[in-house]
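Some notes on the structure that comes next.
The values are calculated or read from the model by the stated rules, or taken from the named source; none is laboratory data. Keep in mind the model is a prediction, meaning the values are calculated, not measured. Don't worry about glycine lacking a Cβ; one is built from the backbone with ideal geometry, like all the others, and counts go over all protein chains shown.
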Amino acid sequence: MSHKRLDLTKEITERNMKKIMEKLSKTGILGLKSEKQDDEALLRQVDALFEMLSELYGADKLVLKGTKLEILPYMRSEKLEERVLALQFLVLGRTGAKKVPQLNEVPAVLMQVEEELATVMARRSVEEKLEKLVVEKMQERHEEYLREIKLQVLKENSGPETAQTFKRLAMLEKMDHQGLTRSAMEVLRPQRLEEVVGQERAIRALLSKLASPYPQHIICYGPPGVGKTTAARLAFSAAKERKVVPFSKEAPFIEIDGTTLRWDPREVTNPLLGSVHDPIYQGARKDLADTGIPEPKLGLVTDAHGGILFIDEIGEMDSMLLNKLLKVLEDKRVFFDSAYYDPTDNNIPQWIKKIFEAGAPADFILVGATTRDPSELNPALRSRCAEIFFEPLTPTDIKAIIHNAAEKLGVTLDEAIPERIAEYTIEGRKAVNLLADTYSLTLYREECGDGTPTVHIREEDLLEVLRTSRLSPYVLQRGEHNSEAGRIFGLGVTGFVGSLIELEAVAFPIEGDKGSIRFNDTAGSMAKDSLFNASSVFRHLTGKELNHHDVHVNVIGGANIDGPSAGLAIFLAIYSAVEEVPLWQDVAVTGEISLRGKLKAVGGIFEKIYGARQAGMRRVIIPKENSKDIPSGLKGIEVIPVDTIKEALEYVVDRERKTEKAVAS
């Protein structure tokens, strides 16, 4: 007990002693020291003291104590001296009671007994008060402990939830139940490989590279909206059904857009590869941050472990991030590092130790899709991947897509609608969007709901949608089966799509040899070089000089011709204009010409052929060196490889009109 506690006890004892002495004085018990006190007064004093002892200890305990002290006869004695002796035993104990006091000694003995009794009562009073204080404190502590237990139980059962958080949760759940119906694109998206139109070669290549015991990383090239993403997803689902593949039935297909992936040099966050949240700067989980342990955050490459990681527009990825991805492809794991990681710290969980020491698993097959040219991609990426090219969709493909979409929507169409949509787009996604927009306009016009048994879409509704969207026909020039002098169609490539290049030429005979050749400056220096080559070849083949004519060659539309592949078209336009030879207007040509009249190989043959077929051309003339680039199973167009310009003239010149003109002249 501290000094303050002792002082307090002493003060309380003195105060209680004083009160007890005052009480004894009022009852006439205390202070009877006069020799004139008679026996009755002493007896009353002794009775009063016994009564006080009985109240203090209780009658039963007082008798029990007297029995133990062997003074019970004295307590019941009628002699004053013996009863006083009993008081001495009861209050002072055996040490305070030696013999029966004499009558003249009784007042002094009673005084001693009273003082000791007052001390005992004061001590008892203090003990009771202290016990009461202790009980009160214990009760407070107990109640506080119970409150803490209740709060802990509530926290464990309800977590961090409050009335506000429950309100927000209820709002979110209500929003979930109020969701709109599926979008048209979800309804019309292909669900089976057979529904992907116009990509039979690409799908076959995808399946052969995925449905194998040794699947390969793949890059899919092609124009937008032709089904690269859908084909990859469906091909993977089909490949998982094969027994020879290493993919499990639950293998994931993780899809992400490469345009959203950027390299963070601070390495604060990296959703693709993963990152480490340091306990100070990034703030790891509280239980880890409190002990200074870094927390690894796994990325999409780990989510794709055992399956496919599909990166759309992979050509748009940051070069640094792409290089790190290539490292993951080699190691099949992702390794993390942090200045806060201490391998000797026993507080670090085992899963964190395993990630830092062995890396996170990232064994997946990468499938990328891009609309860029292969030459624009990282060579290291291309060397690790098989390359698959998706073909531009033909008008026939677009029509098939429209018919399939109409069947899924449960609508009927005017006969001209598929043909009309095919004129305005070569993208399957855009074609479906146009049909969905027209469907919505038809519902609005007819003021009918989704429950209408049959909806018929008219061509007028489609034309209104096309006008509202400010769309123009995708193919502005189309082949016609007639002939014309000084006009020819060349072929060019933009991205993965071929297109027609319309060239025209006029020649005016002049006196003397001061003729000139004019050409579009916007066509580019390569086209001008082809023009000079064409003028030399013209002289070589005909033996005539072009300087006897003013020749003007024009590339309609002001297109920039990046490459020598327009050489054959430029020569034919000049030759036809000067010699007045009619050329077929449903034949397109491509090829570089040499000064000796040979045709040299050019690029983009596959795309150019499809561009010519899209424009309704009947025939395409290409260099013989490009024969290997002709698509197999090609339908709807004739591709003729030739070795020289003379051979090309045989297929381009309208011989009948040329003969008629010669006879007439």
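Those residues that are touching a residue at least 40 places away in the same chain (Cβ under 8 Å) and in a loop (DSSP other than H, G, I, E, B), I need them from the stretch 247-264; list them, please.
Going residue by residue through the stretch 247-264, those that are touching a residue at least 40 places away in the same chain (Cβ under 8 Å) are 247-248, 251-259, 261-263.
Selection gives PHE247, SER248, ALA251, PRO252, LEU261, ARG262, TRP263.
Conditions tested, residue by residue: (1) in a helix (DSSP H, G or I); (2) within 26 Å of GLY495 (Cα to Cα).
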{"position": "LEU321", "(1), (2)": "yes, yes"}
{"position": "LYS324", "(1), (2)": "yes, no"}
{"position": "LYS327", "(1), (2)": "yes, no"}
{"position": "GLU330", "(1), (2)": "yes, no"}
{"position": "SER338", "(1), (2)": "no, no"}
{"position": "TYR341", "(1), (2)": "no, no"}
{"position": "ASN346", "(1), (2)": "no, no"}
{"position": "LYS353", "(1), (2)": "yes, no"}
{"position": "PHE356", "(1), (2)": "yes, no"}
* **Long-range neighbours under 6 Å by Cβ, at least six apart or interchain, first residue in a loop (DSSP other than H, G, I, E, B) within the stretch 198-227, second buried (at least 21 other Cβ atoms within 10 Å of the Cβ) and of a type in the set (Phe, Trp, Tyr)** => GLN199/PHE390; GLY222/PHE390; GLY222/PHE496; PRO223/PHE496; VAL226/PHE390
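Do any strands (runs of 3 or more DSSP E) lying entirely in the stretch 537-635 carry at least 3 residues that are in contact with a helix residue (DSSP H, G or I) (Cβ under 9 Å, 6 or more places away or on another chain) and either among the charged types (D, E, K, R) or more than 26 Å from PHE508 (Cβ to Cβ) (or both), and which ones are they? It would help to see each step written out before you state the result.
Numbers: elements: 549-555, 582-584, 587-589, 619-623.
In the stretch 537-635, the matching strands (runs of 3 or more DSSP E) lie at 619-623.
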* Asked: Which of (1) closer than 28 Å to GLY222 by Cβ; (2) crowded, with 19+ Cβ neighbours inside 10 Å; (3) not basic (Lys, Arg) does LEU321 not meet, given it meets every other one?
  -> (2)
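In the stretch 340-354, how many residues are surrounded by 16 or more Cβ atoms within 10 Å (Cβ to Cβ) and either modelled with pLDDT of 90 or more or touching a helix residue (DSSP H, G or I) at 6+ places or on another chain (Cβ under 6 Å) (or both)?
Keep residues of the stretch 340-354 that are surrounded by 16 or more Cβ atoms within 10 Å (Cβ to Cβ), which gives 340-341, 348, 352.
From what is left, the residues that are either modelled with pLDDT of 90 or more or touching a helix residue (DSSP H, G or I) at 6+ places or on another chain (Cβ under 6 Å) (or both) are 341.
Count: 1.
Each row is one residue, and each column tells you yes or no for (1) part of a helix (DSSP H, G or I); (2) at pLDDT 80 or above; (3) under 27 Å from GLU128 (Cβ atoms); (4) hydroxyl-bearing (Ser, Thr, Tyr).
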| residue | (1), (2), (3), (4) |
| --- | --- |
| ASP7 | yes, no, yes, no |
| ILE12 | yes, no, yes, no |
| ALA48 | yes, yes, yes, no |
| LEU64 | yes, yes, yes, no |
| LEU87 | yes, yes, yes, no |
| GLY96 | no, no, yes, no |
| VAL100 | no, no, no, no |
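Restricting to the stretch 411-438, count the residues that are among the β-branched types (Val, Ile, Thr), outside any loop (DSSP other than H, G, I, E, B) and crowded, with 20+ Cβ neighbours inside 10 Å.
Within the stretch 411-438, the first condition is being among the β-branched types (Val, Ile, Thr), and the residues that meet it are 411-412, 417, 421, 425-426, 432, 438.
Cutting the leftovers down to outside any loop (DSSP other than H, G, I, E, B) gives us 411-412, 417, 421, 432, 438.
From what is left, the residues that are crowded, with 20+ Cβ neighbours inside 10 Å are 417, 421, 432, 438.
Selection size over the stretch 411-438: 4.
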* One residue from LEU541, LEU500 being assigned by TED's automatic domain parsing to the domain that holds TYR651, within 45 Å of the chain's Cα centre (by Cα) and touching a residue at least 40 places away in the same chain (Cβ under 8 Å) -> LEU500
* Asked: Taking the stretch 100-115, which residues are of a type outside the set (Val, Ile, Thr) and closer than 19 Å to GLU82 by Cα?
  -> PRO101, GLN102, LEU103, ASN104, GLU105, PRO107, ALA108, LEU110, MET111, GLN112, GLU114
* Identity of the residue in the stretch 471-510, at pLDDT 80 or above and in a loop (DSSP other than H, G, I, E, B), that ends up nearest to LEU649 (Cα to Cα) -> GLY486
